[in-house]
Amino acid sequence: MTHPRTASRQITEEVTSWPGVEVGSGNFGSVAFKVGRREIGHLHGDHAAHFGFPKQVWADLERQGRITHHPVFPDSSGPAARRIEDEADVRDVIELLRLNYDRVVARYGLPVEPEAPVVPG
């Protein structure tokens with residue numbers, strides 16, 4: 001019997017397929033996605049995603065109903081939250097992460113992987 005993939009697994013599988021994305025542990029038990037040193041967003045289990053957006057982008061996304069205020073920063077524009085309740089939310093979280101990914105890569109480029117040391121031999 002096969003089990004359906006969880007929201008976090010679907011999101012993680014897609015986002016980590018993008019060049020330069022690394023996944024690791026974030027604060028408060030979250031799963032963080034980074035391009036180099038820059039976080040593009042993180043997940044809290046299968047039910048919530050958090051992001052940081054430039055203020056104008058945040059305002060546009062909030063106006064579209066795609067994000068809400070981050071619970072830790074309820075009076076700030078920039079930090080954002082998105083509930084994950086169904087497949088449409090999973091797809092939109094992936095799109096929001098891609099929006100940040102594209103913005104980071106356009107501004108800073110992909111991280112350069114260190115070359116393996118040459119072992120004389």
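Here are the numbers for this structure:
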read-out	value
Per-residue [θ]222 nm for the chain (sum of -39500 (n - 2.57) over DSSP H runs n ≥ 4, rounded to 500)	-10500 deg cm²/dmol
Net charge of Cβ neighbours under 15 Å - reference Gln10; Lys, Arg +1; Asp, Glu -1	-4
Length added when fully stretched, Gln64-Arg37, from 0.36 nm per residue minus Cα-Cα	6.8 nm
Inter-site label distance for Tyr108 and Ser17 at 7 Å from Cα along Cβ, in nm	2.5 nm
Gain upon complete extension [Gln56, Asn27; 0.36 nm per residue less C-alpha separation]	7.8 nm
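FYI, it's all coordinate maths here, none of it is from the lab. The shown structure was predicted, so the numbers you read here are calculated from the model rather than taken from an experiment. Cβ: placed from backbone, ideal geometry, glycine included. Neighbour counts: every protein chain shown.
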